[in-house]
Amino acid sequence: MTKQINKTIAIIGAGIAGLSCAARLKELGHHVELFEKGRSPAGRMSTKRGEDWTADHGTQYFTARDPLFIQQVEKWMADQVAAPWEPRLKVFEANQWTASHSKDIRYVGIPGMNAPAKQLAKDLTIHAGQTIDTLKRQEGKWFLHSAESGDIAARFDELLLAIPGPQALSLVRELDPAAKAITERSNMKGCWTLMARFKDNVNVPFDAAFVNQEIISWISRNLSKPKRTGKESWTIHANAEWSQEFIELSKEDATEQMLACAKKLGLDCAEDEVSVHRWRYASGTASPAPAFYLNHELKLGLCGDWLNGGRVEGAWLSGHLLANKVSS
């Protein structure tokens, strides 16, 4: 029987893919450190908090089909960081509202969408506020440089990138032709997101809606999700094509256009408090989607939702499967 060799592994990115990968690697006995450019882990599974209000402004819900991910979701529910969400769901298309006939079971984090990510992160070593901008491999080790802190003192046996394809491309293009080719196919699009806080509850006959052929693609009432408290707030996502085409719009112009579309849908936010967030890389997937990538010779890997069909399930599986491969 081959003895397990414990490795020192760096993971860039602490979204759900990076956290899944790190948690599995730690479970398998490796030393793992994550480097995250944001202030906290979760990536697009984020929750925005204000004075007496919260809003899930990234991922709205997730589904579970793969047996491995179903087990993880069941664990999250047992740990009371996730629960099913059963909204009154409608569809808007061609100026008409219809009921959604979707039978999917939708899950959300509780008390916010970031709760499952926090659960994964609780025993991990995460260096927040660190934008890794240069990589170097020398004498069989990986050296990292941070835009904020300069050279990272630690040296790593393996380096795994759990960040959007375009961001990974900027780091690997001169290091690995195969990784460069995969990241160039990531085809990721942005998303403009608007959050509206209302003084009073909104009287509309739905909690969430898919919107077709409009600037907006999704709207949802945050208080309809379990364990949410505070004032009435809604999350509004623009569609991927419009968002990408107008990704460089000013926040003021994006807000104006999204508010006009929301009013058409019966959600008039003109007199209420609104804020807008631009996700530069929100959706998209490489084609074909290999689930993950690992260069055994360079000890360099990639994981993320964009490598595995998108969505939370794809991200978690991508990181989990890469960890297994690194450890095999």
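The values are calculated or read from the model by the stated rules, or taken from the named source; none is laboratory data. Computed from a predicted model, the values in this text were never measured in an experiment. All Cβ positions, glycine included, derive from the backbone under ideal geometry; neighbour counts span all protein chains shown.
Below is a table of values for the structure above.
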read-out	value
The stretch 59-99, residues that are of a type in the set (S, T, N, Q) and either in contact (Cβ under 8 Å) with a residue 60 or more places away in the chain or in a loop (DSSP other than H, G, I, E, B) (or both)	59, 60, 63, 72, 80, 95
Which listed residue is out of contact with any Ser or Thr (no Cβ under 6 Å at 6 or more places or on another chain) and modelled with pLDDT of 95 or more, from 91, 108	108
Search result, residues across the stretch 1-51 that are under 28 Å from residue 196 (Cβ atoms), assigned to a loop (DSSP other than H, G, I, E, B) and at pLDDT 90 or above	37, 38, 39, 40, 41, 43, 44, 45, 46, 47
Enumeration of residues in the stretch 100-120 that are touching a strand residue (DSSP E or B) at 6+ places or on another chain (Cβ under 8 Å) and either among the aromatic types (Phe, Trp, Tyr) or in a helix (DSSP H, G or I) (or both)	107, 115, 116, 117, 118
Filtered residue count, the stretch 215-245, keeping only those that are surrounded by 17 or more Cβ atoms within 10 Å (Cβ to Cβ) and either at positive phi or touching a helix residue (DSSP H, G or I) at 6+ places or on another chain (Cβ under 9 Å) (or both)	14
Which listed residue is of a type in the set (Lys, Arg), modelled with pLDDT under 95 and out of contact with any His (no Cβ under 8 Å at 6 or more places or on another chain), from 231, 225	231
Tally, over the stretch 263-293, of residues that are within 30 Å of residue 215 (Cα to Cα) and either of a type in the set (Phe, Trp, Tyr) or in a loop (DSSP other than H, G, I, E, B) (or both)	16
Residues being over 13 Å from residue 234 (Cβ atoms) and touching a helix residue (DSSP H, G or I) at 6+ places or on another chain (Cβ under 9 Å) - total across the stretch 261-275	1
Criterion: without any contact (Cβ under 8 Å) to a residue 24 or more places away in the chain and in a loop (DSSP other than H, G, I, E, B) - qualifying residue of 256, 248	248
Exclusive hit being surrounded by 23 or more Cβ atoms within 10 Å (Cβ to Cβ), touching a Ser or Thr at 6+ places or on another chain (Cβ under 9 Å) and of a type in the set (Gly, Ala, Ser), set 291, 323, 262	323
Residue in the stretch 294-302 that is in contact (Cβ under 8 Å) with a residue 40 or more places away in the chain and assigned to a loop (DSSP other than H, G, I, E, B) present	yes
Among residues of the stretch 32-61, those that are under 30 Å from residue 155 (Cβ atoms) and among the acidic types (Asp, Glu), counted	2
Options 13, 43, 112; residue that is buried (at least 22 other Cβ atoms within 10 Å of the Cβ) and touching a helix residue (DSSP H, G or I) at 6+ places or on another chain (Cβ under 7 Å)	43
Selected residue [modelled with pLDDT of 95 or more, of a type in the set (Val, Ile, Thr) and over 23 Å from the mean Cα position of the chain (by Cα)] from 182, 152	152
